[in-house]
Amino acid sequence: MLRKNSAKKPSFAFILNNNFMMRIGKIISIESERAKGIILDENDQEIPFAVDEFAPGIKLFDTVSFKIELGENGLRAVGV
């Protein structure tokens, strides 16, 4: 019996917002003293962001949408 490839495909979560593709993830770390945080996207990739760049009222473990930008130290989330 032939079986189709049952390997799981990676799950990508994007929303279309003002003609930009946005990622979705959960805030897993906020370091207000260092003005940094980390978002875990739905591909289990940890993406840093600057605390001063996210919307007021966002807190730890919130699900957020964001764009990806290539910064000095690699990828970072913007427009959180």
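The values are calculated or read from the model by the stated rules, or taken from the named source; none is laboratory data. If you're wondering where the values come from, they're calculated on a predicted model, not measured in any experiment. Methodologically, a virtual Cβ is constructed for each residue, glycine included, from the backbone with ideal geometry; neighbour enumeration extends over all protein chains shown.
What the table shows:
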{"read-out": "Residues of the range 25-77 that turn out to be at pLDDT below 90 and in contact with an Asp or Glu (Cβ under 7 Å, 6 or more places away or on another chain), as a count", "value": "1"}
{"read-out": "Extreme residue, surrounded by the fewest Cβ atoms within 10 Å (Cβ to Cβ), among residues of the range 30-49 that are touching a Lys or Arg at 6+ places or on another chain (Cβ under 6 Å) and either in contact (Cβ under 8 Å) with a residue 60 or more places away in the chain or more than 17 Å from residue 72 (Cβ to Cβ) (or both)", "value": "40"}
{"read-out": "Test: residue in the range 46-56 that is touching a Phe, Trp or Tyr at 6+ places or on another chain (Cβ under 6 Å) and in a strand (DSSP E or B)", "value": "no"}
{"read-out": "The range 59-80, residues that are buried (at least 16 other Cβ atoms within 10 Å of the Cβ) and of a type outside the set (Gly, Ala, Ser)", "value": "64, 66, 68, 76, 80"}
{"read-out": "Selection count where residues are part of a strand (DSSP E or B) and not charged (D, E, K, R), scope the range 57-74", "value": "8"}
